[in-house]
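Report on one structure; see the data block that follows.
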Amino acid sequence: MTEINYEIDGNIGVITVNNPPVNALSHAVRSGLKEAIDYAQNDASKALVIICEGRTFIAGADITEFGKPVQAPSLYDVLKAIENSQKPVIAAIHGSALGGGFETALACHYRCALDTAKVGLPEVKLGLLPGCSGTQRVPRLAGIKTALDMITIGNPISAENAKKAGLIDFVITGDLKKGALAYAEELVDQQAIPRRVRDMKVTSDGIEPGLFDSYRKKLAKKARGQLAPQHAIDCIEATMAMTFDEGLKLELDRFLSCLNSPQSSAMRHLFFAEREAGKVRDIARDTPIRDIKSVGIIGAGTMGGGIAMNFANAGIGVTLLDLNGEALDRGLQVIRKNYQISIKRGKLNETQLEERMSLITGSTNYDDLQKVDLVIEAVFEDINIKKSVFAQLDQICKPGAILATNTSYQDVDAIAAVTNRPQDVIGLHFFSPANVMKLLEVVRGEKTADDVIATAMKLARTINKVSVLAGVCYGFIGNRMLTNYIREAQMLLLEGATPELVDSTMQTWGMAMGPLAMGDLAGLDIGYAVRKARTDLPDDPKYCRISDLLYEMGRLGQKSGAGFYQYDAQTRARNSDPDIEALIKVEAERLGVIQRTISEEEIIARLIYPLINEGARILDEGIAQRPGDIDVVYAFGYGFPIFRGGPMCFADQVGLKEVFDTICQFRDRDPDDKFNGIYWEPASLLERLANEGKTFAEWSKSRD
Ligand code: 3HC
């Protein structure tokens, strides 16, 4: 079997897994492992080592096999064979031992790892919990508290920390195979016997009363709406009262219920969508990329500063340019302050802060951008200012430099057209705060060269962003879809919902923030300016009327202490404002809108279905490559609940016929309001797929 190799080296039988790219536990790997373990019971070896080829130890179950019938042997059978081995079995870990991969290591009798390795149980990130003994073995080896932290949050830990926790026995520096063989020989010399985790007792020492409930409460907030972390807590708690086998049964039961849930299906969809989004359909994967060793950023405001931090964090030198010296100094100070906050949170140390600051050089002179490999413009959102910046860059920058605009809305082609090198111009749309938000929309202009796009997609990974390719249109993918979402939120107010009802409904549904609280956070002046600059909107007196009113009253949102809500000056806590609720009533009457009681179900459909409808248009026009790309944009850039998989995945789960029919009902509900017909016109792709009984995912697959 090519996935598994077995050979004897001295006293040690070496089982090598080779299933690129991440040695996932496919059917072939499971069969091969079991065969090798069974075979080795009767050969001359005295101990066995499980080690992997390639970049990592086993990184988990093969997620692509989920949802299909399990082919024997199951992972449970394989781990049982390992644990029951009469000869000690040693896991030799490099890269990441994750999920079922780490569970395989935990079923071994001893574990050694390279000092650079990581181990973890990230199943909750896929809407799952460890399904093959992780919840039962970690508490036995490392205690309840470590198990709760590792399993309910899902972040991997370093080999060193795993050793401290008792999850790893021996840390190796240098050559893993050599170190693991020496360690195994040592165990043979010591006549070490198989040490089975299943036989260990869970200790209740140091467990304060109420620990499990405090985790339940904490996770109900932190992982709002997600079921898997709560199931995981139940299974970990069960280790204190149940036998190992009883615990395994409970774990499997909960694992299967998660696996078959829409939540896990949505989160697994996002896992693959995130990785697929980085691939450009019509650009060869081996397209040569340009070297980006130095970056210029124009504009030292919040956005420019945040973007600069991304590059400094990745060890790439930045020239941060602002023609206003004071603004530049302020920008550099804000960057330093942000790093200091990271130090306070224990995420950075002083030396790293200084290293990163030393990579950022301030400048007030465009000539300092002559040699940089990439320039990102982050100036005021005004097409004429942006055009004049690009005209200057065209004069100054070296040939082959990539010229990027961070615009959120403007026409990248019009900006490129002021240069003599439109092939080198691209949009790199970061999201605020740019040093935190994971999303990067890469906007492909009509003339952008393939290697410029390939470079941008690769660069996104270097600076730890998730990239999605978008075509040129107003607002690209994310902001374009937001237009009708925002409109509907305000229509709901006129029709009788309070800001609190709209926002709390959406938050309970899973959004990180409701639309009105989001407006207050972004600043109502920003939305006002964007609307005023638009000439393409129908002349609807109700359109964002409440926002406009608030702006005219000087209520700009959080920054002015009041917007849709009032904000406490000290704590920034949000409070409902009865004056605003009264004002909305008066305005509704003036506009002839009859107020009524609106259900939560209607609020959700009125807000989410416009996203789906516009998403369908974006797909049809080729602005986004795939429905999954849109989902990634919303999950990583707009606080869409990951357990709903993004708007297009959610639509597929609801059923496109249901979405289409509801959109038609909204369109037709008030024949006297001509604007309903405009805003709720169903997208033709949605209509087509609804009639054909298909999903967006099926449509996308048929185009591969
Ligand atoms: N199953 C199937 N495919 C997987 C996979 C898995 N568990 N993990 C990664 N892949 C695929 C990716 O989709 C990607 O495919 P592509 O090249 O076609 O896009 C390829 O492997 C490489 O993955 P990455 O781009 O993510 O590579 P990185 O080097 O950046 O990261 C990694 C490697 C840290 C291992 C990362 O892939 C990862 O976190 N994988 C998922 C780990 C995980 O969640 N494991 C638990 C699975 S569930 C489970 O085990 C249940 C058990 O309890 C029974």
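The values are calculated or read from the model by the stated rules, or taken from the named source; none is laboratory data. Only a predicted model underlies this, so the values are computations on that prediction, with no experimental measurement involved. All Cβ positions, glycine included, derive from the backbone under ideal geometry; neighbour counts span all protein chains shown. To get the accessible areas, we keep the full protein, side chains included, count just its heavy atoms, and leave off ligands, DNA and RNA. Shrake-Rupley method; radii C 1.70, N 1.55, O 1.52, S 1.80 Å.
Some notes on this structure:
- With all protein chains in place and a 1.4 Å probe, the accessible surface of the stretch 4-251 carries 52 percent carbon and sulfur.
- Only helices enter the 222 nm calculation for the chain: every DSSP H run of n ≥ 4 contributes -39,500 (n - 2.57), and dividing by all residues gives -15000 deg cm²/dmol, rounded to 500.
- Stokes-Einstein D in µm²/s, Kirkwood radius over Cα pairs - the stretch 488-594 at 4 °C with 1.567 mPa s viscosity: 92
- Principal axes of the chain: Cα extent on each, largest first, Å: 86, 61, 53
- Sparse packing (at most 14 other Cβ atoms within 10 Å of the Cβ) combined with a DSSP loop state is found for none of the GluC sites (Glu not before Pro) in the stretch 119-217.
- Residue-count net charge about ALA97 - beta-carbon cut-off 12 Å; Lys, Arg +1, Asp, Glu -1: +1
- 3J(HN,Hα) along the stretch 569-579: 4, 7, 8, 6, 4, 9, 10, 5, 10, x, 4 Hz, from the Karplus curve 6.51 cos²θ - 1.76 cosθ + 1.60 with θ = phi - 60°, whole Hz, x for Gly and Pro.
- Rounded percent of accessible protein surface that carbon and sulfur make up, the stretch 488-594, 1.4 Å probe: 53
- Cα-Cα over 27 Å, subset of LYS387/LYS542; LYS249/LYS701; LYS118/LYS145; LYS438/LYS694; LYS279/LYS438: LYS387/LYS542; LYS249/LYS701; LYS438/LYS694
- Heavy atoms of THR203: accessible area, 1.4 Å probe, square angstrom to 10: 70
- Surface exposure of the chain, expressed per residue as accessible area with a 1.4 Å probe, stands at 43 Å².
- Amide H partners (placed H, <5 Å) of ARG290, local residues excluded: THR455
- Under the convention that each Lys and Arg Cβ holds +1 and each Asp and Glu Cβ holds -1, the size of the dipole of the chain around its Cα centre is about 1120 debye.
- Local electrostatic count at ILE297 - Lys and Arg +1, Asp and Glu -1, tallied over other residues with Cβ under 12 Å: -3
- Counting only residues at least eight positions apart within a chain, or on another chain, the lysines with an alpha carbon under 21 Å from that of LYS87 are LYS34, LYS46, LYS177, LYS178.
- Our Cα-only numbers for the stretch 1-70 put the radius of gyration and Dmax at 12.8, 42 Å.
- For the stretch 382-391, 3J(HN,Hα) per residue [Karplus equation, 6.51 cos²θ - 1.76 cosθ + 1.60, θ = phi - 60°, Hz, x = Gly/Pro]: 9, 4, 5, 5, 5, 4, 5, 4, 5, 5
- Each residue was assigned an accessible area with a 1.4 Å probe, and for MET242 the value is about 70 Å².
- Based on C-alpha pairs under 8 angstrom that are at least 6 apart in sequence, the chain has a relative contact order of 9 percent.
- Sequentially through the stretch 393-409, phi angles give Karplus couplings (6.51, -1.76, 1.60; θ = phi - 60°) of 4, 4, 6, 9, 6, 5, x, x, 5, 8, 10, 10, 10, 8, 4, 8, 9 Hz, Gly and Pro residues having no value and appearing as x.
- Distance histogram in 5 Å bins (all Cα pairs of the stretch 4-251, percent per bin): 1, 7, 14, 19, 20, 17, 11, 6, 3, 1, 0
- Dividing the Cα radius of gyration of the stretch 159-216 by its Kirkwood radius returns 1.14 for Rg/Rh.
- Low-density loop positions, GluC sites (Glu not before Pro), the stretch 559-658 - DSSP coil, at most 14 other Cβ in 10 Å: GLU621
- Size of the stretch 366-416 as Cα extents on the principal axes (Å, biggest first): 28, 16, 15
- Taking amide H atoms as placed 1.01 Å from N in the peptide plane, the amide H of LEU428 lies under 5 Å from those of THR405, ASN406, THR407, VAL443, each 5 or more residues away in sequence or on another chain.
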